[in-house]
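The values are calculated or read from the model by the stated rules, or taken from the named source; none is laboratory data. As the structure is a prediction and not an experimental result, all values here were calculated from the model. Reconstructed Cβ throughout: ideal geometry from the backbone, glycine too, with neighbour counts over all protein chains shown.
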Amino acid sequence: MLRIPYCVAYGIREINVLAEKYRLEIDKILAKYPPEHKRSAVMPLLYLAQTEYGCLTQTAMAEVGDLCGLSATQVAGVVGFYTLYHDHPAGRRYVQICTDLPCALRGADKFADDLCQKLGVKLGGTTKDGAFTVEAVMCLAGCAKAPMFQVQDADGLHYHESESAEKPMTVEQAVSILEGYQKK
Amino acid sequence: MPEHILLRHRDIPDLHQLEVYLQHGGYEAFKKAVTTMTPQQVIDEVRNSGLRGRGGAGFPTGVKWGFLTKAFPRYVVANSDESEPGTFKDRELLERNPHQFFEGLMIAAYAAQANLAYNYMRGEFWNIALRLDAALDELRARGFLGQNLFGAAYSLDIHNHLGAGAYICGEESALLESIEGKLGQPRLKPPFPADKGLYNKPTVVNNTETLANVPFIIAKGAAEYRKFGTEKSPGVKVFCLSGNVNRPGNYELELGKFTLRQLIDDFGGGAPGGKKVKAILMSGASSNVLMGTDDVLDAPMDYETIQAKGAALGSASVIVVDESVDMAWLTLKTTRFFKHESCGKCTPCREGTYWMLNLLERLNKNDAVKADVDLLNTVAAQIQNKCLCPLGEFAIAPVLTSLKQFRADFDAHTKDAAKKPAPAARPAPARPAPAKAAEPAPAGD
């Protein structure tokens with residue numbers, strides 16, 4: 001198959017690490033939307049960039065913008081609007097504990113506080129070794145299995161829920177789940 | 001209920017696998033629609049079934065499909081954004097019975113004569129999206145998606161689109177903005193999506209659970225579907241039970257055939273420790289709060305009855321609140337959610353939720369006076385009917401109804417309350433009121 005250089009294929013002049021490294025993925029993402037609406041690809045492309053760069057740096061946002069026909073400022077607007085995009089470096093993984101009403105009725109606030117204490121952080125803070133940034137977040141659609149949390153890392157998002165209402169997750173169990181991530 | 005219609009995976013193991021789904025009549029309804037029915041016949045069948053939107057608004061699905069204006073291309077979008085606190089039904093469907101949902105989406109696309117459909121999922125459903133991407137590839141390989149389906153002149157493709165953590169994208173016009181690569185902010189309506197939706201083209205947006213009902217209706221007919229539920233609220237509904245109950249979870253029930261008490265006590269095992277039910281939120285955090293009176297608890301759960309009791313059945317995300325819960329704390333929780341999720345487009349919602357949260361935080365620290373409770377009421381009332389989308393209304397619903405029905409819970413936190421303040425999370429300040437000049441108020445979180 002004839003391979004056109006990415007800069008020609010995407011109409012980009014400057015160096016674009018994403019385009020160079022993830023040609024196949026980018027083509028797949030762009031194919032999902034009508035060619036005249038390339039802008040729609042901004043969200044999946046941002047996930048791709050976040051995986052590559054760890055967080056959405058200025059460079060990352062400019063590259064994403066080049067790929068879907070947006071300015072870096074427009075991309076930054078999208079990044080700022082959604083909570084799963086991160087524009088500054090944090091821990092290698094986000095631990096996001098749901099403390100919304102249904103979970104809170106089942107003790108999620110105490111669970112979050114206790115887990116933070118065990119990890120030696122405050123909510124919103126990062127552990128000393130830089131492994132985890134712990135946050136309280138809004139409802140994750142896991143209300144029946146509270147307390148619960150998700151871990152966001154380079155591989156995506158992973159849910160960790162209580163087995164059942166009778167067997168809520170303990171802080172010790174949560175800690176051992178997180179230790180599992182560190183062995184990865 | 002003998003057999004599930006929506007949560008069929010509970011009766012049939014491994015239903016998420018295409019092979020198993022096909023063995024149990026999978027995609028027969030879609031084939032029937034494409035090969036033997038006109039799009040209009042499909043719309044009529046769904047309209048006759050009386051199916052209403054299961055995402056919250058409860059709008060008749062077939063009627064919605066009939067609103068599409070005569071322009072092409074058209075799009076169909078599944079709303080799998082499911083972000084309402086207390087709602088986790090779509091997630092179970094997408095995880096365990098995805099093909100039934102896809103089949104419903106495909107039938108809807110055929111009815112709308114759309115050749116492209118999107119499934120918009122909240123970003124947290126990342127792992128589900130990976131599986132669903134694979135499922136769509138499988139459907140393409142097996143000829144259920146693609147050109148000239150079943151030898152007919154109809155072509156269709158479906159793509160998954162992941163959001164990134166914004167509740168507001170569950171509002172249909174905000175969702176469309178989000179797919180278009182813009183900020184997820186609602187549009188001014190009209191024009192409605194049926195006229196100018198995705199990429200300014202006629203678009204149908206339906207909730208995941210709504211679509212999961214469609215294959216049954218097409219396969220067995222509207223009359224068969226109407227055998228479930230009541231005359232005005234036909235069919236089945238997944239009730240998400242959460243909060244202070246022993247067995248929270250999803251329960252698929254016929255509409256109007258079960259009371260709240262049955263749901264909470266018989267299915268949910270009652271409140272832990274045999275406590276009394278103080279309040280119920282029928283459709284997640286955005287509900288009008290219902291008091292746990294016999295009148296409410298013995299009401300059959302259908303759209304009309306719940307409406308008559310002062311709330312909406314909505315997505316049927318039932319959050320049970322027992323007598324140990326302080327409603328001032330509860331409204332703090334819901335308000336924090338809506339303040340965080342306000343998209344910032346409309347001033348009353350953006351500013352109003354901010355000030356409501358301020359007042360509620362002060363109240364919950366026992367640092368407010370009775371006039372602050374009145375002020376809370378005023379701020380909430382000023383948001384009413386002043387926003388582009390329902391989020392503003394959602395934010396104030398639990399606050400206004402709690403203030404009305406449980407005012408004592410709020411007053412108990414005030415310094416000038418008649419009685420001693422109720423025990424709260426933090427001890428009341430030791431010094432009397434006048435001395436609190438420059439005490440820094442720490443932000444909540």
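Here is a list: B:N200, B:N213. Which entry is assigned by TED's automatic domain parsing to the domain that holds B:L176 and either within 17 Å of B:L93 (Cβ to Cβ) or basic (K, R) (or both)? Answer to the selection: B:N213.
Results for (1) under 29 Å from B:V63 (Cα atoms); (2) within 14 Å of another protein chain (Cβ to nearest Cβ); (3) not charged (D, E, K, R), shown as yes or no for each residue.
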{"residue": "B:Y110", "(1), (2), (3)": "yes, no, yes"}
{"residue": "B:N119", "(1), (2), (3)": "yes, yes, yes"}
{"residue": "B:R122", "(1), (2), (3)": "yes, yes, no"}
{"residue": "B:A134", "(1), (2), (3)": "no, yes, yes"}
{"residue": "B:R142", "(1), (2), (3)": "no, no, no"}
{"residue": "B:A152", "(1), (2), (3)": "yes, no, yes"}
{"residue": "B:N160", "(1), (2), (3)": "yes, yes, yes"}
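Against the test of being within 20 Å of the chain's Cα centre (by Cα), among the charged types (D, E, K, R), closer than 27 Å to B:C169 by Cβ and modelled with pLDDT of 95 or more, the options A:D155, A:D100 yield a single qualifying residue, A:D100.
Residue check: B:E209 meets all listed conditions (1) assigned to a helix (DSSP H, G or I); (2) surrounded by fewer than 19 Cβ atoms within 10 Å (Cβ to Cβ) but one, namely (2). Considering only residues that are outside any strand (DSSP E or B) and of a type in the set (A, V, I, L, M, F, W, C), look in region A:133-150 and name the one that is farthest from the other protein chains (Cβ to nearest Cβ). Step by step, filter region A:133-150, then rank; the result is A:M148. The residues of region A:1-42 that are outside any helix (DSSP H, G or I) and among the aliphatic types (A, V, I, L, M), listed by number, are A:M1, A:L2, A:I4, A:I12, A:I15, A:A31. Of all residues in region B:162-181, one or more are closer than 26 Å to B:K70 by Cβ, in the same structural domain as B:S83 (by TED's automatic domain parsing), assigned to a helix (DSSP H, G or I) and of a type in the set (S, T, N, Q). Taken over region A:151-174, the criterion of being touching a helix residue (DSSP H, G or I) at 6+ places or on another chain (Cβ under 6 Å) and either assigned to a strand (DSSP E or B) or farther than 23 Å from B:K89 by Cα (or both) is satisfied by A:A154, A:G156, A:L157, A:H160, A:V171, A:A174. Consider region A:6-43 and keep the residues that are β-branched (V, I, T) and within 14 Å of chain B (Cβ to nearest Cβ). The one that is surrounded by the most Cβ atoms within 10 Å (Cβ to Cβ) is A:V42.
Taking the criterion of being in contact with a Pro (Cβ under 8 Å, 6 or more places away or on another chain) and free of Cβ contacts under 8 Å to residues at least 60 places away in the same chain, the residues of region A:74-111 that qualify are A:I97, A:C98, A:D100, A:L101, A:P102, A:C103, A:A108. Among the residues of region B:181-199, how many are at the interface with chain A (Cβ under 8 Å from one of its Cβ atoms) and touching a Ser or Thr at 6+ places or on another chain (Cβ under 6 Å)? Qualifying residue count for the region: 2.
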